[in-house]
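Okay, so here's the structure we're looking at.
The values are calculated or read from the model by the stated rules, or taken from the named source; none is laboratory data. Worth saying up front: this structure is predicted, and the values here are computed from it rather than measured. As a convention, Cβ positions derive from the backbone with ideal geometry for all residues, glycine included, and neighbour counts pool all protein chains shown.
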Amino acid sequence: MKKRVAIIAANGGLFDAYKVFNIATAAAATEAEVAIFFTFEGLNLIHKEAYKQLPLPEGKEQIQQGFAQANVPSIPELVSMAQEMGVKFIACQMTMDVMGLTKEHFVDGIDVGGAVTFLDFAKDADITLTF
Amino acid sequence: MKADLLVDAKGLACPMPIVRTKKGMDTLQSGQVLEIHVTDKGAKNDLSAWAKSAGHEMIDMVEEGAVLKFWIRKA
């Protein structure tokens, strides 16, 4: 049986995005079944506009250059790669309602669900991570 | 060493070498050999762990200057 990896993305900065999507794509490349639950600021990571220019932590703006030099893929590239490899994205319905967001604000191919949708996936997970 | 497919992941950062390796491996049959070239130093441990977790056999690894070369036989 496939390994299962359940990830909660609850923060919306560029560093958070790399932590989430690097682990998710690496897990998918290692034949794991992966789902990410995006909640609160974590929704930025799959927001059609916001994910193109996620903020760096204050005072660390110079690291932007380091990302380019290290030839690290962009977040939109990592997002489509993750989806292509079968990583499932679940956007938190409650947070979307609070923030006035609809499914159209997000990248294509996401699911919208509540906490129980994620918990149902996570209950059989071999690895659970929160970022 | 003779390989059935070469994946060139030089210049790419984590997690790309693993992603490219997986995609290359998906096109091979059991018993065939994949050769991978990388410059990401983290890939040394990463590719070994990847092969182990997928059940593939790491046949050889050599360092030629900044380039790491791996040969992995598909399970």
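Before moving on, here are some points about what is shown:
For (1) surrounded by 15 or more Cβ atoms within 10 Å (Cβ to Cβ); (2) within 14 Å of chain B (Cβ to nearest Cβ); (3) touching a Gly at 6+ places or on another chain (Cβ under 6 Å); (4) in a helix (DSSP H, G or I), each residue gets a yes or a no:
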{"residue": "A:23", "(1), (2), (3), (4)": "yes, yes, no, yes"}
{"residue": "A:26", "(1), (2), (3), (4)": "yes, yes, no, yes"}
{"residue": "A:37", "(1), (2), (3), (4)": "yes, no, no, no"}
{"residue": "A:41", "(1), (2), (3), (4)": "yes, no, yes, yes"}
{"residue": "A:44", "(1), (2), (3), (4)": "yes, no, yes, yes"}
{"residue": "A:58", "(1), (2), (3), (4)": "no, no, no, no"}
{"residue": "A:73", "(1), (2), (3), (4)": "yes, yes, no, no"}
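- In the stretch A:76-92, of all residues being among the small types (Gly, Ala, Ser) and in contact with a Phe, Trp or Tyr (Cβ under 7 Å, 6 or more places away or on another chain), the one that is surrounded by the most Cβ atoms within 10 Å (Cβ to Cβ) corresponds to A:82.
- Each residue in the stretch A:1-17 was checked for being in contact (Cβ under 8 Å) with a residue 60 or more places away in the chain and of a type outside the set (Asp, Glu), and 11 of them qualify.
- Only listed residue being away from every other protein chain (no Cβ under 12 Å) and assigned to a loop (DSSP other than H, G, I, E, B), chosen from B:58, B:1: B:1
- Single residue of the stretch B:27-46 satisfying the filter (at pLDDT 95 or above and not polar (S, T, N, Q)) that is farthest from residue A:25 (Cα to Cα): B:31
- Every listed requirement among (1) at the interface with chain A (Cβ under 9 Å from one of its Cβ atoms); (2) in contact with a strand residue (DSSP E or B) (Cβ under 8 Å, 6 or more places away or on another chain); (3) among the hydrophobic types (A, V, I, L, M, F, W, C) is met by residue B:43 save one, (1).
- Selected residue [under 22 Å from residue B:19 (Cα atoms) and in contact with a Lys or Arg (Cβ under 6 Å, 6 or more places away or on another chain)] from A:70, A:32: A:32
- Residue A:100 vs. criteria modelled with pLDDT of 95 or more and at positive phi: yes
- In the stretch B:11-33, the residues that are part of a loop (DSSP other than H, G, I, E, B) and either facing chain A (nearest Cβ under 10 Å) or closer than 20 Å to residue A:23 by Cα (or both): B:11, B:12, B:13, B:14, B:15
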